1. Of all the Cα-Cα pairs you can form in region 123-163, what percent are over 12 Å apart?
2. Using every alpha carbon pair in region 100-187, what percent of pairs falls into each 10 Å bin from 0 up to the bin containing the largest distance?
3. Which ³J(HN,Hα) values in Hz, rounded to whole numbers, follow from the phi angles of region 141-156 under the Karplus curve 6.51 cos²θ - 1.76 cosθ + 1.60, where θ = phi - 60° and Gly and Pro get x?
4. Grab the DSSP H runs of the chain that are 4 residues or longer, score each as -39,500 (n - 2.57), total them, divide by all residues and round the 222 nm result to the nearest 500 deg cm²/dmol.
5. From the backbone phi of region 160-167, what are the Karplus-calculated ³J(HN,Hα) couplings (6.51 cos²θ - 1.76 cosθ + 1.60, θ = phi - 60°) in whole Hz, Gly and Pro given as x?
6. List the trypsin sites (Lys or Arg not before Pro) in region 1-102 that DSSP assigns to loop (not H, G, I, E or B) and whose Cβ has at most 14 other Cβ atoms within 10 Å. Which are they?
7. With θ taken as phi - 60° and the coefficients 6.51, -1.76 and 1.60, list the Karplus ³J(HN,Hα) couplings across region 80-92 in order, rounded to whole Hz; mark glycine and proline as x.
8. Give me the Kirkwood hydrodynamic radius of region 11-100 in Å, from all C-alpha pairs, to one decimal place?
Amino acid sequence: MILPIALYPHPFLRRRMQPVEKITDEIQALAENMIETMRNAPGVGLAAPQVLADARLFVIQPDTEDPSTTQVFINPEIIAREGKMELYEEGCLSIPGVLAKVRRPWVIRVRFQDLKGQWQEARFEGFPARVIQHEFDHLDGVLFLDRLPQLRRRLLRKDLQAVEEGKIRPGYPFVHPRLRPQPQTIG
Ligand SMILES: [Zn+2]
């Protein structure tokens, strides 16, 4: 099922998500729906708050051409940040039409649960590490905009205002705080 994506400045995007206590059927279904929603958009990552689900869970598919790069992260922790800092352009399905270069570490180590509830530890570098850090931030209510220097952010003000006012509408189903009533929280 394709889920509507919450658009900036939806207040749910600013909340800190709750840990997933148990991998229930509902969590399984949420992960599957999020993968479908991410691929439909299309995007390379999607975090639970973006579909108004209160859970520390995100999905990624760093290569949109290759479904085997899909991965589900539950209760993730970034346990190490290594390597050089890299500047790379990011966008967000919740902030359509806005792109900006964000500085982040090149290499990370992540501890997380998979859909079977097994704890995994893995090292990621380059683009996948970038996507994971972006999605991980969402679980704490942090958007890539928050990681921009003030001046850069000020330059984006008009674009952000257009999103805020609902003037920019993505090609995928969405929920906008000013355009429709807020739906109920899932999970
Ligand atoms: Zn995002």
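1. Details: 542 of 820 pairs.
In whole percent, the long-distance tail amounts to 66.
2. Percent of pairs per bin, in order: 13, 31, 33, 20, 2.
3. x, 9, 10, 4, 4, 5, 9, 8, x, 3, 5, 4, 5, 5, 5, 8
4. Working: 4 runs with 43 residues, N = 187.
Counting only the DSSP helices, I get -7000 deg cm²/dmol.
5. 5, 5, 4, 5, 4, 7, x, 7
6. Working: sites: ARG14, ARG15, ARG16, LYS22, ARG39, ARG56, ARG81, LYS84, LYS101; in loops: ARG15, ARG16, LYS22, ARG56.
Sites meeting the loop and neighbour criteria: ARG16, LYS22.
7. Values, residue by residue: 7, 10, 10, x, 6, 7, 10, 9, 8, 6, 10, x, 8 Hz.
8. On the way: mean 1/r = 0.0697 Å⁻¹.
After inverting the mean inverse Cα-Cα distance, the result is 14.3 Å.
The values are calculated or read from the model by the stated rules, or taken from the named source; none is laboratory data. These figures come from a predicted structure and were not determined experimentally. Counting neighbours? That spans all protein chains shown, and the Cβs are built from the backbone with ideal geometry, glycine included. Heads up: the accessible areas ignore ligands, DNA and RNA and are worked out on the full protein's heavy atoms, side chains in. Shrake-Rupley method; radii C 1.70, N 1.55, O 1.52, S 1.80 Å.
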